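This report refers to the structure that appears directly beneath it.
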Amino acid sequence: MQTRDDIFNTLRDALVELFELDPERVSLDSNLYQDLEIDSIDAVDLIDHIKRQTGKKIAAEEFKSVRTVSDVVEAVYRLVQPAA
């Protein structure tokens, strides 16, 4: 089982690698669109990367509500948790 910290670290590494961001710019409070300048095409790439890492796809509807890195961490956390 992955913790939120594990997910954040993996996500930060992905954002740095995929979008050539400075790791210091990526925090839980970072807004994907304003602070990190991720556009809709980048968001699709990020969803694809998450799918490759987890084997599970985040629904596009769920990703529409995502604004911050913390939102992505929560979405991935819910995705990888076994159903109760």
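Bear in mind that the values in this text are calculations on the coordinates, not laboratory data. Note that the structure is predicted; figures quoted are calculated from it, not measured. Here Cβ is always computed from backbone atoms with ideal geometry, including for glycine, and neighbour counts include all displayed protein chains.
Numbers for the structure displayed
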{"item": "Estimated distance in nm for a label pair at SER70 and ASP6, the labels positioned 7 Å out from Cα along Cα-to-Cβ", "result": "2.2"}
{"item": "Most to least packed among 29-36, 66-73, 11-18 [average Cβ atoms within 10 Å]", "result": "66-73, 11-18, 29-36"}
{"item": "Computed label-point distance, nm, for sites ALA59 and GLU37 using a 7 Å Cα→Cβ extension", "result": "3.4"}
{"item": "Amide proton proximity set for THR68, modelled H, under 5 Å, gap of 5+", "result": "LEU32"}
{"item": "Relative contact order, percent, the chain [alpha-carbon distance under 8 Å, six or more residues apart]", "result": "38"}
{"item": "Set of aspartates and glutamates near LYS56 by C-alpha distance (under 15 Å), chain-local residues within fewer than 8 positions excluded", "result": "ASP45, ASP48, GLU74"}
{"item": "Residue (of ALA43, VAL26, GLY55) at the positive-pole extreme of region 17-67, dipole from beta-carbon charges", "result": "GLY55"}
{"item": "Loop-resident sites, region 19-83, for GluC sites (Glu not before Pro), counting at most 13 other Cβ within 10 Å (DSSP)", "result": "GLU20, GLU37"}
{"item": "Shape category assigned to region 4-80 from the gyration tensor of Cα positions, a/c cut at 1.5", "result": "rounded"}
